[in-house]
1. State all residues of the range 71-111 that are farther than 19 Å from Q53 by Cβ and charged (D, E, K, R); if no residue qualifies, say none.
2. Taking the conditions exactly as written (within 16 Å of L63 (Cα to Cα), among the hydrophobic types (A, V, I, L, M, F, W, C) and surrounded by 12 or more Cβ atoms within 10 Å (Cβ to Cβ)), does L170 satisfy them or not?
3. Can you name the residue in the range 87-108 that is away from the ligand (no atom under 13 Å from the Cβ) and not in a helix (DSSP H, G or I) and, of all such residues, is surrounded by the fewest Cβ atoms within 10 Å (Cβ to Cβ)?
4. Please go through the range 43-86 and give me each residue that is more than 8 Å from the ligand (Cβ to nearest atom), surrounded by fewer than 23 Cβ atoms within 10 Å (Cβ to Cβ) and part of a strand (DSSP E or B), ordered by number.
5. Given the condition of a type outside the set (F, W, Y) and more than 26 Å from T36 (Cβ to Cβ), answer yes or no: does some residue in the range 173-181 qualify?
6. Name, by its number, the condition in (1) over 18 Å from the mean Cα position of the chain (by Cα); (2) in contact (Cβ under 8 Å) with a residue 12 or more places away in the chain; (3) not in a loop (DSSP other than H, G, I, E, B) that does not hold for H127.
7. Could you list, in sequence order, all residues of the range 109-131 that are within 11 Å of the ligand (Cβ to nearest atom) and either of a type in the set (K, R) or surrounded by 14 or more Cβ atoms within 10 Å (Cβ to Cβ) (or both)?
8. Is it the case that E140 is more than 16 Å from the ligand (Cβ to nearest atom), assigned to a strand (DSSP E or B) and either closer than 21 Å to D100 by Cα or under 16 Å from the mean Cα position of the chain (by Cα) (or both)?
Amino acid sequence: MSRRSWPATTWMAERDRHAAPAGIATPVDAAAMRRTIGRFATGVAVVTTHDGQGPHGMTVNSLTSVSLDPPLLLVCLTTGARTTDAVVTSGRFAVNVLSDRQLEIALRFARRGADHFEGLAPAYGAHRVPVVPDALAHLECTAERHFEAGDHVVVIGRVHGVCDRAGEPLAFLGGRFADLTERGGEPALWFA
Ligand SMILES: Cc1cc2nc3c(=O)[nH]c(=O)nc-3n(C[C@H](O)[C@H](O)[C@H](O)COP(=O)(O)O)c2cc1C
């Protein structure tokens, strides 16, 4: 299988189009950081947990797979958010990967200060954490470790149980929700 190589001229043209003029630094304020990292397309998930008082949850797109053996993932949660505190306190959480039919759920769990579970009867997973029904996938975790990084808490979760179902994912790109179109073809080599 041959590696696809970009013609040098295309690469140069792309680079010049996005580069700042020589000598002018591009300031990295919060808006620039959000806009630029927003070019990286992600899925959308809801982190759910229970702190002994009640269920909590928040919409996230900072989900990353960390390790297969042992199975680890990470999420970055705003410092001081209720779900962040509840995850740290309880040491348990679930990641619910949303389908393209769950835009309402994504919006509900992103509303600042709202009772995200209001009017919902939470379902519970095998590891006693609340889960979002009909999500594309559930990963039930314990918080292996956490640490503050800037204005977020990075939580490394050890995955104890997973399930997934057929369906299309909800995507997020450039600050907007999006649909994902598969290109077909062979699965990536490392996905075997
Ligand atoms: C698509 C999307 C992705 C988000 N990703 C994250 C994230 O990765 N981490 C985070 O802390 N907040 C993220 N947020 C914002 C939180 O969902 C939102 O601030 C939170 O639900 C508010 O909860 P609170 O009322 O407990 O503060 C995201 C919001 C949206 C719409």
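The values are calculated or read from the model by the stated rules, or taken from the named source; none is laboratory data. Remember, it's a predicted structure, so these values are computed and weren't measured experimentally. A quick note on method: Cβ atoms are made from the backbone with ideal geometry, for glycine too, and the neighbour counts reach across all protein chains shown.
1. So the first thing to find is which residues in the range 71-111 are farther than 19 Å from Q53 by Cβ, and the list is 71-76, 78-79, 95-108, 110-111.
Within the range 71-111, D100, R101, E104, R108, R111 qualify.
2. Numbers: within 16 Å of L63 (Cα to Cα): yes; among the hydrophobic types (A, V, I, L, M, F, W, C): yes; surrounded by 12 or more Cβ atoms within 10 Å (Cβ to Cβ): yes.
For L170, the condition - within 16 Å of L63 (Cα to Cα), among the hydrophobic types (A, V, I, L, M, F, W, C) and surrounded by 12 or more Cβ atoms within 10 Å (Cβ to Cβ) - is met.
3. So, considering only residues that are away from the ligand (no atom under 13 Å from the Cβ) and not in a helix (DSSP H, G or I), the one surrounded by the fewest Cβ atoms within 10 Å (Cβ to Cβ) is R101.
4. The answer is G43, H50, P55, T64, S65, V66, S67, L72, L73, L74.
5. As a first pass, look at the range 173-181 and keep what is of a type outside the set (F, W, Y): 173-176, 178-181.
Applying the additional criterion that residues be more than 26 Å from T36 (Cβ to Cβ) yields none.
Looking for residues that are of a type outside the set (F, W, Y) and more than 26 Å from T36 (Cβ to Cβ), one finds none in the range 173-181, hence no.
6. Only one criterion in (1) over 18 Å from the mean Cα position of the chain (by Cα); (2) in contact (Cβ under 8 Å) with a residue 12 or more places away in the chain; (3) not in a loop (DSSP other than H, G, I, E, B) is unmet by H127, namely (3).
7. Residues satisfying the conditions are F109, A110, R111, R112, H116.
8. Values: more than 16 Å from the ligand (Cβ to nearest atom): yes; assigned to a strand (DSSP E or B): yes; either closer than 21 Å to D100 by Cα or under 16 Å from the mean Cα position of the chain (by Cα) (or both): yes.
Yes, satisfied.
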